[in-house]
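Chemist: Take a look at this one; I'll ask things after.
No value in this document is a laboratory result; all are computed from the given coordinates. Bear in mind the structure is a predicted one, so any value in this text is a computation, not a measurement. Here the Cβ is made from the backbone with ideal geometry for all residues, glycine too, and neighbour counts use every protein chain on show.
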Amino acid sequence: MATGLHCRRVMPERWSALRLAEAAGLDRPARAVVFYTNLVAWIGCHADSHQIAATFGDAIDFRRDYYARDRSEPGWALALASRAGRGRPLLERPGRIGSFVLHG
């Protein structure tokens with residue numbers, strides 16, 4: 001998967017979404033929308049990959065780290081921000097980190 005996670009990690013998410021859609025009484029076409037929306041989300045929708053790659057380097061590597069982190073853990077955002085500019089010249093990295101902190 002393009003998020004860097006193994007498919008065994010994302011398949012339960014997909015089935016849970018479908019069970020919730022069924023429990024909500026959605027018809028088959030609406031459940032198909034739920035399925036494909038979930039699929040696009042977990043394959044790492046490429047709409048923002050160029051921005052992630054420009055800021056953090058390898059988009060798949062960044063997403064793998066992002067999804068694997070516990071966001072209740074203190075310092076998780078700082079750990080991700082420290083990846084900004086990875087693979088860039090050392091003097092360029094602080095600018096990338098600053099841009100990420102200011103603009104997301």
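Chemist: At 7 Å along Cα-to-Cβ for each site, give me the label-to-label distance between VAL101 and ALA23 in nm.
Modeler: So the two model labels end up 4.2 nm from each other.
Chemist: How big is D, in µm² s⁻¹, for segment 48-104 by Stokes-Einstein at 4 °C and 1.567 mPa s if Rh is the Kirkwood radius over C-alpha pairs?
Modeler: The diffusion coefficient I find is 113 µm²/s.
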